[in-house]
Amino acid sequence: MSAPVKRLASGVSEGAWVRRTLITIALVFMFLFLVLPLAAVFTEALRKGAGAYLEALREPDAWSAIRLTLITAVIAVPLNLVFGIAAAWCIAKYEFRGKAFLTTLVDLPFSVSPVVAGLIYVLIFGAQGWFGPWLQAHDIKIIFAVPGIVLATIFVTFPFIARELIPLMQAQGNEEEQAAIVLGATGWQTFWYVTLPNIKWGLIYGVILCNARAMGEFGAVSVVSGHIRGQTNTLPLHVEILYNEYQSVAAFAVASLLAILALVTLVIKSVAEWRHEREMKTIAELSPERPVVLKEA
Amino acid sequence: MSAASISSPLSAVGRPMQRRTTRRVLPGFNLTLGFTVLYLSLIVLIPLSALVFKTFTLTLDQFWSAISSPRVLASYRLTFGASLLAAMVNMVFGLLVAWVLVRYDFFGKKIVDALVDLPFALPTAVAGISLTALLAGNGWVGQYLEPMGIKLAFTPAGVVIALIFIGLPFVVRTVQPVLEDAEKELEEAATCLGATRWQTFTRVIFPSIAPALLTGFAMAFARAIGEYGSVIFIAGNMPMISEITPLIIVGKLEQYDYAGATAVAVVMLVISFVLLLVINALQAWQRRFTGAPA
């Protein structure tokens, strides 16, 4: 009885043997290239036991690196968040001349090498740069100091949130916002009560990836930091210094903090994705007469 | 007829009016556009222009000798060769991973799916030192490879490995949604018309995902060319052999050779621009393929 159904199914899928081979190859590849490096970080960090691991994390230099990394992210992520929302709003909701060009420019920092990103700030604020003499005269340090690190981080993480929001807001169109305005909502109310709930998962996704990159950026920050221990070392730079000093356990211990950050990022990202998919499904299943999602308590 | 594509509840209003009404209905255009352009200029455009202005302080001879010394040329060869190789490996395995994730069910699929983004989330320096630890002579993988005469850490091959790690999600994440949206009816039709599964794949499925695959390839390639953090730990950084172009820039900066660093950086920037345009063109092509609803 089930023979015709079976034959049709095999027409749009592969035999069990092919299927199993492909899955195995994909999983072996993923294991070698993604799981092993991740596992290596933690085993190397714990090579000399938990004591040595905790010892490495208790170093004052490690603490100042953690602090600087957090400060950088706390400044860079909100700035890029505000920019991302503003850019997505004007690009997704309106038609204007030069829109495609503006979108390309927003993407630009993605394709610029991190090293070049660091270099451009050295050329502007460095001792021989445009503002170098003026900054020196006023005793303001940007390069080889915290402001330079923050600037380079902002550059590198610049497009993350905008990139996430633009396609999302384009797909959702303008109807709901227009309805809100016509019904008398102010611009802010429309954004807060109509747009934001629609884009919240994409927003979280963008923020979390932006944050991971901000905390983990190496190339750009390494050019502008000057590597002053305890002052201008972020966590990734601290990893490099320890590693080059052959303090392998300490280097991997600090690296494991960043690996944990990456894992947390992936978990939050996946949860946001699943929730978004579920909401989309619920909306798709609503009857056309009552196209409203009733909030669960 | 282009304005007709804007569907608005006010479409009863005459068409010549429509564009203006749409603009007036939603507030904040001037504010958001103004802020976007200002922030973009301050963070990206003005700093990047500094690179161009600095280049103009060099004579043509200085510029040329900075970007074409043998050591720099060797670094271009390594950077491009390794990036190309890594992007090609990623194209093959990225397609495979995307295919397996979209078409098959297996235990732990959601975890594997989440793990694909690990290279986006893991700081490059961490990836660099852990890949080095794996592939070094006493590492988990290196201890088996080295007796066989295969040396990966501190060689150009190590650079390729690091770049494969960095580029994988680009291919998977661009191909995956296209595969998800692919219409099964077409495949059924192909099968009904007597095509084998392999013919269906090469003649029906592959052409529809080719633009996405190429986009992913170009993105992985562009990212690989600029990559610094993960590569410098594993490369060994020997001049002429395993020194990548971004490292040349850092090296020149450390010797306070700002002009030389800028010249090489301009070369890299031009390449980034070209790649960005190629990626944009590929994405437009992809939209034409998939984004024409009936």
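The values are calculated or read from the model by the stated rules, or taken from the named source; none is laboratory data. The model shown is predicted, which means the values in this text are computed figures rather than measured ones. Cβ sites come from the backbone with ideal geometry, for glycine too, and all protein chains shown count toward neighbours. Surface accessibility is based on the protein's heavy atoms, side chains included, excluding ligands, DNA and RNA. Shrake-Rupley method; radii C 1.70, N 1.55, O 1.52, S 1.80 Å.
Are any of the residues in region A:122-136 of a type in the set (Val, Ile, Thr) and in contact (Cβ under 8 Å) with a residue 12 or more places away in the chain? Looking through region A:122-136, at least one residue is of a type in the set (Val, Ile, Thr) and in contact (Cβ under 8 Å) with a residue 12 or more places away in the chain.
Taken together, the criteria exclude A:LYS99 from residues that are more than 28 Å from A:GLY226 (Cα to Cα) and in contact with an Asp or Glu (Cβ under 8 Å, 6 or more places away or on another chain). Scanning region B:105-141 for residues that are in contact with an Asp or Glu (Cβ under 9 Å, 6 or more places away or on another chain) and within 16 Å of A:LEU258 (Cβ to Cβ) yields B:PRO123, B:THR124, B:ALA125, B:GLY128, B:ILE129, B:SER130, B:ALA133. Please indicate, with yes or no, whether at least one residue in region A:172-183 is among the β-branched types (Val, Ile, Thr), part of a helix (DSSP H, G or I) and more than 10 Å from chain B (Cβ to nearest Cβ). Within region A:172-183, none of the residues are among the β-branched types (Val, Ile, Thr), part of a helix (DSSP H, G or I) and more than 10 Å from chain B (Cβ to nearest Cβ). Of everything listed in (1) over 26 Å from the mean Cα position of the chain (by Cα); (2) open to solvent by less than 20 Å² (accessible area, probe 1.4 Å), the single unmet condition for B:ILE225 is (1).
Considering only region A:183-200, state which residues are polar (S, T, N, Q) and surrounded by 14 or more Cβ atoms within 10 Å (Cβ to Cβ). Result: A:THR190, A:THR195, A:ASN198. Between B:VAL97, B:VAL92, the distinction of being modelled with pLDDT of 95 or more and open to solvent by 20 Å² or more (accessible area, probe 1.4 Å) belongs to B:VAL92 only. Do we find a residue being more than 10 Å from chain A (Cβ to nearest Cβ), in contact (Cβ under 8 Å) with a residue 40 or more places away in the chain and of a type in the set (Asp, Glu) anywhere in region B:173-184? Scanning region B:173-184 turns up at least one residue that is more than 10 Å from chain A (Cβ to nearest Cβ), in contact (Cβ under 8 Å) with a residue 40 or more places away in the chain and of a type in the set (Asp, Glu). Just checking, does region A:223-244 include any residue being hydroxyl-bearing (Ser, Thr, Tyr), at the interface with chain B (Cβ under 9 Å from one of its Cβ atoms) and surrounded by fewer than 21 Cβ atoms within 10 Å (Cβ to Cβ)? For region A:223-244, residues hydroxyl-bearing (Ser, Thr, Tyr), at the interface with chain B (Cβ under 9 Å from one of its Cβ atoms) and surrounded by fewer than 21 Cβ atoms within 10 Å (Cβ to Cβ): absent.
Note on region B:100-115: among residues that are at the interface with chain A (Cβ under 7 Å from one of its Cβ atoms) and in a loop (DSSP other than H, G, I, E, B), the one that is least open to solvent (accessible area, probe 1.4 Å) is B:TYR104. Do we find that B:TYR76 is more than 22 Å from A:PHE252 (Cα to Cα) and within 11 Å of another protein chain (Cβ to nearest Cβ) in this structure? No: the conditions fail for B:TYR76.
Of the helices (runs of 4 or more DSSP H) entirely within region A:83-147, none holds at least 1 residues that are in contact with a helix residue (DSSP H, G or I) (Cβ under 9 Å, 6 or more places away or on another chain), of a type in the set (Phe, Trp, Tyr) and within 19 Å of A:ALA171 (Cβ to Cβ). Going through (1) in a helix (DSSP H, G or I); (2) over 27 Å from B:TRP99 (Cα atoms); (3) open to solvent by less than 30 Å² (accessible area, probe 1.4 Å) one by one, B:SER242 falls short only on (1).
Inside region B:125-140, residues that are surrounded by 16 or more Cβ atoms within 10 Å (Cβ to Cβ) and more than 7 Å from every other protein chain (Cβ to nearest Cβ) make up a count of 5.
Here region A:26-63 is the region considered, the condition is being part of a helix (DSSP H, G or I) and open to solvent by 70 Å² or more (accessible area, probe 1.4 Å), and the residue that is farthest from A:ASN233 (Cα to Cα) is A:VAL28. Scanning region A:264-284 for residues that are open to solvent by less than 60 Å² (accessible area, probe 1.4 Å) and within 16 Å of A:GLY216 (Cβ to Cβ) turns up A:THR265, A:LEU266, A:LYS269.
Within region B:27-44, residues that are open to solvent by less than 60 Å² (accessible area, probe 1.4 Å) have Cβ atoms under 9 Å from residues that are small (Gly, Ala, Ser) and modelled with pLDDT under 90 in these pairs: B:PRO27/A:GLY187; B:GLY28/A:GLY187, counting only partners at least 6 apart in sequence or on another chain.
Candidates are the residues of region A:151-165 that are out of contact with any Cys (no Cβ under 7 Å at 6 or more places or on another chain) and away from every other protein chain (no Cβ under 11 Å); the one that is most open to solvent (accessible area, probe 1.4 Å) is A:ARG163. For region B:259-294, filtered to residues that are surrounded by fewer than 20 Cβ atoms within 10 Å (Cβ to Cβ) and over 25 Å from the mean Cα position of the chain (by Cα), the residue that is modelled with the lowest pLDDT is B:ALA294. Just give me the residues in region B:190-209 being open to solvent by less than 20 Å² (accessible area, probe 1.4 Å) and either touching a strand residue (DSSP E or B) at 6+ places or on another chain (Cβ under 8 Å) or closer than 15 Å to B:LEU95 by Cα (or both), in sequence order. Correct list: B:ILE205, B:ILE209. Per this entry, B:ILE234 is not counted among residues that are more than 10 Å from every other protein chain (Cβ to nearest Cβ), over 30 Å from B:ARG77 (Cβ atoms) and either surrounded by 16 or more Cβ atoms within 10 Å (Cβ to Cβ) or touching a Cys at 6+ places or on another chain (Cβ under 6 Å) (or both). The helices (runs of 4 or more DSSP H) located wholly in region B:116-234 that include 1 or more residues which are among the hydroxyl-bearing types (Ser, Thr, Tyr) occupy B:124-135, B:142-145, B:156-181, B:184-192, B:197-200, B:206-226. Just so you know, in region B:141-159 the residues that are farther than 18 Å from A:ALA39 by Cα, open to solvent by 20 Å² or more (accessible area, probe 1.4 Å) and among the β-branched types (Val, Ile, Thr) include one that is farthest from the other protein chains (Cβ to nearest Cβ), and it is B:THR155.
Regarding B:PRO27, is this residue at pLDDT below 95, within 11 Å of chain A (Cβ to nearest Cβ) and assigned to a helix (DSSP H, G or I)? Taking the combined requirement at face value, the residue does not satisfy it. Within region A:16-41, the residues that satisfy the criterion of being of a type in the set (Gly, Ala, Ser) and either at positive phi or at the interface with chain B (Cβ under 8 Å from one of its Cβ atoms) (or both) are A:ALA26, A:ALA40.
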